[in-house]
Structures are given as structure tokens and as C-alpha cells.
Amino acid sequence: MLSNTMIAKLNDQIRIEFESSNIYLQMAAWCSYKGYEGATAFLVAHAEEERMHMMKLFNYLGETGALAVIPALAKPEEEYESLSKMFEQILNHERFVTSKINELVELAYEEKDYSSLNFLQWYVAEQHEEESLFSSLIDKINLIGHDGRGLYLMDRELGKIATTA
Ligand code: OFO
């Protein structure tokens, strides 16, 4: 059985994953509007992944006899300065998500809640993967360059990742 604090924090994480999904979907809309087809496909797929992260929490709360609460969500930004700035924003957002997962892990330790500790390991691994993916994408953008050709190559690369993922 989960503590009330754990239930509240897991529900808050539902909100964070949901909002992440919406942020990436809005970014995908901006990319589509700007003609970045590869980035659009990549971000749509990533928005779906975040929804799956949210559903895992929703299911875990249900399985443990707790009530999952579907929250009101913040509206994402609509305008972005550039593709490279957008990826920097994504990396910062993922770092924020990692800090929230770490808080959950700390709480599970404090409460000797081994079930949640085990459940959260998946998120720890996932955050490690996501931070490393986005920082390598930023490195690539900086390497390829920010001019038209560089953006074209980067967009193509993102499209490839979206189809192979
Ligand atoms: Fe991209 O973060 Fe979910 O967990």
C-alpha cells in the first residue's frame, strides 16, 4: 500500500509526463509549420512516448489500489526561436523531469517503499537515455552547423531516428 505522500507525488508525475507530451506535440506542430518534416516525426513519436510514461504511472497507481487523478494541464509555448534552441529547451526540460524522478526515488527510500523503488527504476534508466539522446542531438546540431544546409541535414537525421525508433 502506498503512502498518501507517495500517491500525491506519483499523481503529480502523471501531470509532468502529460505536460511533457503536450510540450513535444506543440513543438512538433511548430516544426511542421516551419517545414521540418523529420523533426516533426521525431517529436510526434516523442510525445507518444511521454504519454506512455504517463500511462505507466496511471496503471501503477491503479494496481496498488490508489486513485490516479487526471490533472488540468499547462498550455505549452507556441513559438520557438530556432530548432537548436528548441532542443536545448528539451534537454533542460528532461533534466527537470530527472530531478522529479529523483525526488520520487528518494521518497521511496525514505518510506522503505520497495515496490515503488522497483517501479521507479524504469524511469531512472529512461531519463538517463533521454538526457544522453538530447545532449548528443545538440552536439550534432552544433557540429553540422546552423545554416540552411546544416538544418536540412539535421532534419533528415531526426526523421531517420523517428523511423528506426
Ligand atoms: Fe522524457 O520524460 Fe518521461 O519520464
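Bear in mind these aren't lab numbers, they're just calculated from the coordinates by the rules spelled out. The structure presented is a predicted model; accordingly, all values stated were derived computationally and were not measured. Every residue, glycine as well, gets a Cβ built from its backbone with ideal geometry; the counts of neighbours run over all protein chains shown.
Things to note:
- For q = 0.18, 0.23, 0.24 Å⁻¹, Debye-computed log10 I/I(0) when each Cα of the range 14-88 counts as one equal scatterer: -0.71, -0.97, -1.02
- Per-residue Cβ neighbour rank within 10 angstrom, fewest leading, 94, 48: 48, 94
- Stokes-Einstein D (µm²/s) once Rh is taken as the Kirkwood radius of the range 4-164 over alpha-carbon pairs, at 4 °C in 1.567 mPa s: 78
- Neighbour counts of other Cβ atoms within 10 Å put 24, 123, 80 in the fewest-to-most order 80, 123, 24.
- Checking the cross-link pairs 56/160; 34/56; 112/140 against a 31 Å limit on the alpha carbon distance flags 34/56; 112/140 as lying beyond it.
- Of all complete DSSP H helices in the chain, those with a Cα span along the helix axis of 27 Å or greater and a mean Kyte-Doolittle hydropathy of -1.0 or more are 4-34, 37-63, 83-110, 114-144.
- Build a GNM of the chain with springs between Cα atoms under 10 Å apart, and of 14, 70, 23 the one that fluctuates most is 70.
- Each principal axis of the range 90-146 carries a Cα extent, and these read 49, 15, 10 Å when sorted largest first.
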